[in-house]
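These notes are about the structure you will find just below.
The values are calculated or read from the model by the stated rules, or taken from the named source; none is laboratory data. Being a predicted model, the structure only gives us computed values, none of them experimental. FYI the Cβ positions are ideal-geometry reconstructions off the backbone, even for glycines, and counts take in every protein chain you see.
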Amino acid sequence: MPTAQSPPKLNKASVRKTDSASKKAYNPTAPDRVREILKRLDERYPKATCALTHKSAWELLVATILSAQCTDATVNKVTPELFRKYPTPQAMAALKPEQLEPEIRPTGFFRNKSKSLVGAAKGVVEEFGGKVPGSMDELLSLPGVARKTANVVLGTWFRKAVGVVVDTHVHRISRRLELTRSEDARNIEQDLMKVIPHEKWIEYSHQIIHHGRALCVARKPKCADCPLENLCHAADKTWSTVEIHNNAKP
């Protein structure tokens, strides 16, 4: 019986060799290439959605604030009891930040996060009648809420494609795919908004986040199993059938 063979190791020396004409013709943000990337993501992750467990805009806002520098799995372990004790913005707004710290300690940076949560709760109660607002400017007025958090709430709960969520996965993989060369999250978002069709802004982030967890991991990406492999020229690929681009770095 024949035995399964692992894919050959990446030979960077050979795959980097291309003629100057092909290099000159290559456009990483060409509409056809972007469409093919999105098509393959649709096929691989057809029902991708936010992994943070929530039942309301308020719960999603809290979970997203807690998810900074923390895994969604850890946040999902913390929030059920948190929401049981403090089910509304009014309940959390009545707290002092130090009262909240023990509840969210597992998510890390718990002192800053507790201040952000209590501040956001007070903002929601005092400025928006206890309801999480549905616009970018209003969300950004809340303590602890930056564009990433606002985009998560707007896209996932309100289904408003105002921008593109740029978390660590979207940051890393979008650079690997050469959809951006920026390093700053705000500039990456602007670059993606120019090349990703508006109707795909919400879905793209969800799919890339799932892709980053399943295959395109930070260390030793599973390139041999990746549906985007022959569209990707990332410098840190572990296996490749196409040339490597030195400037395609996460």
Got a number for residues in region 194-250 being assigned to a loop (DSSP other than H, G, I, E, B) and of a type in the set (A, V, I, L, M, F, W, C)?
14
Are any residues in region 129-186 over 19 Å from P28 (Cβ atoms) and of a type in the set (K, R), and if so, which ones?
K131, R147, K148, R159, K160, R186
Going through region 163-193 in order, the residues found to be crowded, with 20+ Cβ neighbours inside 10 Å, out of contact with any Lys or Arg (no Cβ under 8 Å at 6 or more places or on another chain) and in a loop (DSSP other than H, G, I, E, B) are V164, L177, E178, L179, T180
Is it the case that some residue within region 93-112 is free of Cβ contacts under 8 Å to residues at least 60 places away in the same chain, surrounded by 16 or more Cβ atoms within 10 Å (Cβ to Cβ) and within 22 Å of H169 (Cβ to Cβ)?
yes
What number of residues in region 218-228 are within 20 Å of the chain's Cα centre (by Cα) and surrounded by 15 or more Cβ atoms within 10 Å (Cβ to Cβ)?
5
Which members of region 54-78 meet the condition of being closer than 21 Å to P133 by Cβ, at pLDDT 95 or above and crowded, with 16+ Cβ neighbours inside 10 Å?
H54, A57, W58, E59, L60, L61, V62, A63, T64, I65, L66, S67
Qualifying positions in region 120-150 - surrounded by fewer than 18 Cβ atoms within 10 Å (Cβ to Cβ) and not hydrophobic (A, V, I, L, M, F, W, C):
E126, E127, G129, G130, K131, G134, S135, D137, E138, S141, P143
Please verify whether V242 is surrounded by fewer than 16 Cβ atoms within 10 Å (Cβ to Cβ), in contact (Cβ under 8 Å) with a residue 24 or more places away in the chain and hydrophobic (A, V, I, L, M, F, W, C), treating the condition exactly as stated.
yes
